[in-house]
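A quick write-up on the structure given underneath.
The values are calculated or read from the model by the stated rules, or taken from the named source; none is laboratory data. From a predicted model like this one, the values you see are computed outputs, not experimental measurements. Please note: Cβ atoms are built from the backbone with ideal geometry, for glycine as well, and neighbour counts cover all protein chains shown. The protein model used for the area step is the full one, side chains on, heavy atoms only, and it has no ligands, DNA or RNA in it. Shrake-Rupley method; radii C 1.70, N 1.55, O 1.52, S 1.80 Å.
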Amino acid sequence: MSGTGALSVPSHSCIRTPGRVKGMWLAAVALLGGGCLEQEATATAPTSLSQDLAEAAAVRPGAEPSAVGLALEVENGAGLPLKVKAGQTFFINQIDLRASVTATKDEGVDGLQRAGDFAQLPWQGVRLADEEPILVANPDGTFTRRRFYRDAWWMEQPSTLTVQPVDAQGRATGQAIPLHIGKDDKRKSRDDFFIRRLRAIQWAHDCRTVTNCATARNFSEEALVEVRNARTGAPSFTLSPDTRALRLSWSLRSGAAYTIPVEQVAHPTYAYGFSIDVKALTPPRADGTYAPGSEVTFQLALRDGAGKRLHPEGSLPTYNQVVFGQNEPGLQYYRAFGFIDPSTTYYRRKHRERMLMTQIIGPAQRIQPIRSIVDLDAFLGPDDVQTVGTPERDGVYAQFQTFPPSNKLFGGAFFPEKKGWDAPVNDFWTYKLPANAEPGTYLVTVKGRRVYLGEDVPASRTIEIQVGTPERTEPALTTGPCTTCHSEGGELTQVLHGNDNRAACAGCHAPLGFELEGPIVVRAHFIHSRSDRFNAPKEQCSSCHLTRESTQRTSKAACLSCHKSYPESHVAEFGPIESMYVGGGRESFQQCTGTCHKTHPGSGF
């Protein structure tokens, strides 16, 4: 019932971006040299694949491998080559299809209806649904605007994707696997994927200002199919030794099926699966606690499903090694800030952002959304660790660090001459507890993603430390528990970062100066308000919120992440809506009033 994949990481000359996007990183990419490199799994060349499979079975008598989710990708009609472990049992967990064209005039997404891989699809009903600028300027001082289109017939109606294993002559080598992607406006039990997002996007790459694209002449248009997170009970299959490709057909697209070349690796270096270990290197005091003001060093270990290390202890690969090199273990770093494959919350490939990142937040009893904005200058500054929440300002303490540290990760893009993408990366880091740290339990989390031999899988790990007291304290979450909808393949352990500890989110998800929609409250509001597959009435706050009080902190970000308009009186007082995510700019997180909006019509409270 669903598919997940993992594809070789291409070199920069293979990068697919919808045009120029954020731009400054191009200078860095230009310095890296040429050539498309694909991940190579180290394997001994067998005399025959059948013989090697027999030998492998003899080594592990009676072994029954669990099914591994595959991720499949098609780009402008061409299937991206896939390497998989021979003899492994699989299911389809993720499918990404993309068609794109360019234009020199502002025509919405009309170009996709005339040319390209999706031109033959039924486009009637397509409409502009949302738009959002990118807040960081391009190198020439222009800006990029994104417009998001929905409701075309092919986006709304049910359809089926069918995967057929074939040999070198195109003959079937196994049973066809039909995958039902369902309708846009209703989830059904026969749907094969938890997440279904079909849309089109127009990018204007040379806008004069953040809000003025009247003179723009550099446009790209793309249509996307994103289905992922296989529902419980996904059909499994094993590829026969003579399988050389997967033929992917779509019921809405007549004509030739897509072909995804397949290479089977008999003896891969690593196992499938992904796990993260985290430990404190700094010992606590005799009572097991850390004192306020202490510096505490932590270390991570990234492992495959068999527990084998994916990196040497003490270090991680450089950014260039992971993204543009061989990267046999399949580790992943952030790709989305215009670097390679830009993502957009809800609308574009957020699952492919692939950030490796850590946070600390606490004490647990004070955990809440962070509304202070972290500016890009902080990412480019000298500090590896960013302080995103302070008790005085935010009511909770939080710090985070990316891997590589942001001054190398982002600095390598903006200032390629400093060679941040070639800088060594440690697997350890240090958090400094505030001198006035409130006693309690503090959460330390690492999240990441691995792409290896067809599997694209997230993982998270949270550990707790005690600060100032040995008594464990608990978070008081005001929403949840989410399992009414997030089940049967949509569990929080499977989607997004693979993290079902919702207390361990707010430290990473602070609003960023270049991505204001960072907070979970904004993303949860936006995604559930835009999704027609959310079963409850949108105005019924009690579907997620546990108390009336938790709905009463009004701000542009809280209200306009759901609502797409507000009264003229609000426009006059607070300004027009400028962002589909947060309503306005940096002021959007400020509480606009403590007296109005104490109730919400239809809220259920």
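So for the stretch 414-421 (the condition being assigned to a strand (DSSP E or B), open to solvent by 20 Å² or more (accessible area, probe 1.4 Å) and modelled with pLDDT under 95), does at least one residue qualify? Taking every residue of the stretch 414-421 in turn, none turns out to be assigned to a strand (DSSP E or B), open to solvent by 20 Å² or more (accessible area, probe 1.4 Å) and modelled with pLDDT under 95. Looking only at the stretch 207-217, residues that are touching a residue at least 40 places away in the same chain (Cβ under 8 Å) and open to solvent by less than 60 Å² (accessible area, probe 1.4 Å) come to 5 in all.
Can you name the residue in the stretch 565-579 that is without any contact (Cβ under 8 Å) to a residue 60 or more places away in the chain and part of a loop (DSSP other than H, G, I, E, B) and, of all such residues, is surrounded by the most Cβ atoms within 10 Å (Cβ to Cβ)?
Initial filter on the stretch 565-579 (without any contact (Cβ under 8 Å) to a residue 60 or more places away in the chain): 565-577.
Filter again for part of a loop (DSSP other than H, G, I, E, B), leaving 565-567, 575-577.
Working: SER565: 10, TYR566: 15, PRO567: 8, GLY575: 13, PRO576: 12, ILE577: 17.
Here the answer is ILE577.
What residue, of LEU496, LEU492, is assigned to a loop (DSSP other than H, G, I, E, B) and touching a His at 6+ places or on another chain (Cβ under 6 Å)?
On the way: LEU496 fails: touching a His at 6+ places or on another chain (Cβ under 6 Å).
Answer to the check: LEU492.
Every listed requirement among (1) in contact with a Pro (Cβ under 7 Å, 6 or more places away or on another chain); (2) without any contact (Cβ under 8 Å) to a residue 12 or more places away in the chain is met by ALA286 save one, (1). Does THR493 qualify as being hydroxyl-bearing (Ser, Thr, Tyr), modelled with pLDDT of 95 or more and either open to solvent by less than 30 Å² (accessible area, probe 1.4 Å) or under 30 Å from THR269 (Cβ atoms) (or both)? No, not satisfied. ALA306 meets the conditions (1) open to solvent by 40 Å² or more (accessible area, probe 1.4 Å); (2) hydrophobic (A, V, I, L, M, F, W, C); (3) at pLDDT below 95 in every case but one. The failed one is (3). Residue pairs whose Cβ atoms lie under 6 Å apart, sitting 6 or more positions apart in sequence or on different chains, and linking a residue in the stretch 508-519 that is within 13 Å of GLN368 (Cα to Cα) to a partner that is outside any loop (DSSP other than H, G, I, E, B) and open to solvent by 20 Å² or more (accessible area, probe 1.4 Å), are HIS509/ILE520.
Does GLU587 satisfy the condition of being more than 22 Å from the chain's Cα centre (by Cα), of a type outside the set (Val, Ile, Thr), at negative phi and not in a loop (DSSP other than H, G, I, E, B)?
On the way: more than 22 Å from the chain's Cα centre (by Cα): yes; of a type outside the set (Val, Ile, Thr): yes; at negative phi: yes; not in a loop (DSSP other than H, G, I, E, B): yes.
Considered against the rule, which asks whether it is more than 22 Å from the chain's Cα centre (by Cα), of a type outside the set (Val, Ile, Thr), at negative phi and not in a loop (DSSP other than H, G, I, E, B), GLU587 comes out as yes.
Pairing each residue of the stretch 318-334 that is open to solvent by less than 10 Å² (accessible area, probe 1.4 Å) with any residue that is in a strand (DSSP E or B), provided the two are 6+ apart or on different chains, yields C-beta distances under 6 Å for VAL322/LEU331; GLY330/ARG450; GLY330/VAL451; GLY330/TYR452; GLN332/ARG449; GLN332/VAL451.
For ALA152, are the conditions met, namely being surrounded by 15 or more Cβ atoms within 10 Å (Cβ to Cβ), among the hydrophobic types (A, V, I, L, M, F, W, C), without any contact (Cβ under 8 Å) to a residue 60 or more places away in the chain and more than 17 Å from VAL74 (Cα to Cα)?
Details: surrounded by 15 or more Cβ atoms within 10 Å (Cβ to Cβ): yes; among the hydrophobic types (A, V, I, L, M, F, W, C): yes; without any contact (Cβ under 8 Å) to a residue 60 or more places away in the chain: yes; more than 17 Å from VAL74 (Cα to Cα): yes.
So ALA152 fits the description; yes.
Checking every residue in the stretch 74-82 against the condition of being in contact with a Phe, Trp or Tyr (Cβ under 9 Å, 6 or more places away or on another chain), of a type in the set (Gly, Ala, Ser) and under 24 Å from ASP191 (Cα atoms) gives at least one match.
From the list GLY288, GLY330, GLY273, GLY381, the one residue that fits, being over 23 Å from the mean Cα position of the chain (by Cα) and at positive phi, is GLY288.
Look through ALA256, ALA286, ALA271, ALA230 and report the one residue that is surrounded by 21 or more Cβ atoms within 10 Å (Cβ to Cβ) and over 20 Å from VAL385 (Cα atoms).
Details: ALA256 fails: surrounded by 21 or more Cβ atoms within 10 Å (Cβ to Cβ); ALA286 fails: surrounded by 21 or more Cβ atoms within 10 Å (Cβ to Cβ); ALA271 fails: surrounded by 21 or more Cβ atoms within 10 Å (Cβ to Cβ).
After applying the criteria, what remains is ALA230.
When we screen ARG393, ARG349, ARG366 for residues that are closer than 24 Å to TYR581 by Cα, open to solvent by 20 Å² or more (accessible area, probe 1.4 Å) and among the basic types (Lys, Arg), the only hit is ARG393.
Being open to solvent by less than 10 Å² (accessible area, probe 1.4 Å), closer than 21 Å to LEU128 by Cβ and out of contact with any Ser or Thr (no Cβ under 6 Å at 6 or more places or on another chain) narrows it down to one of LEU198, LEU179, so name that one.
Values: LEU179 fails: closer than 21 Å to LEU128 by Cβ.
Matching residue, one of LEU198, LEU179: LEU198.
Residues in the stretch 533-545: is at least one within 27 Å of HIS351 (Cα to Cα), surrounded by fewer than 16 Cβ atoms within 10 Å (Cβ to Cβ) and among the aliphatic types (A, V, I, L, M)? Yes, there is a match, as at least one residue in the stretch 533-545 is within 27 Å of HIS351 (Cα to Cα), surrounded by fewer than 16 Cβ atoms within 10 Å (Cβ to Cβ) and among the aliphatic types (A, V, I, L, M).
Screening the candidates THR473, THR479 for the property of being of a type outside the set (Gly, Ala, Ser) and under 23 Å from the mean Cα position of the chain (by Cα) yields one hit, THR479.
Output yes when any residue across the stretch 395-406 is free of Cβ contacts under 8 Å to residues at least 40 places away in the same chain and closer than 26 Å to HIS351 by Cβ, and no when none is. Yes, there is a match, as at least one residue in the stretch 395-406 is free of Cβ contacts under 8 Å to residues at least 40 places away in the same chain and closer than 26 Å to HIS351 by Cβ.
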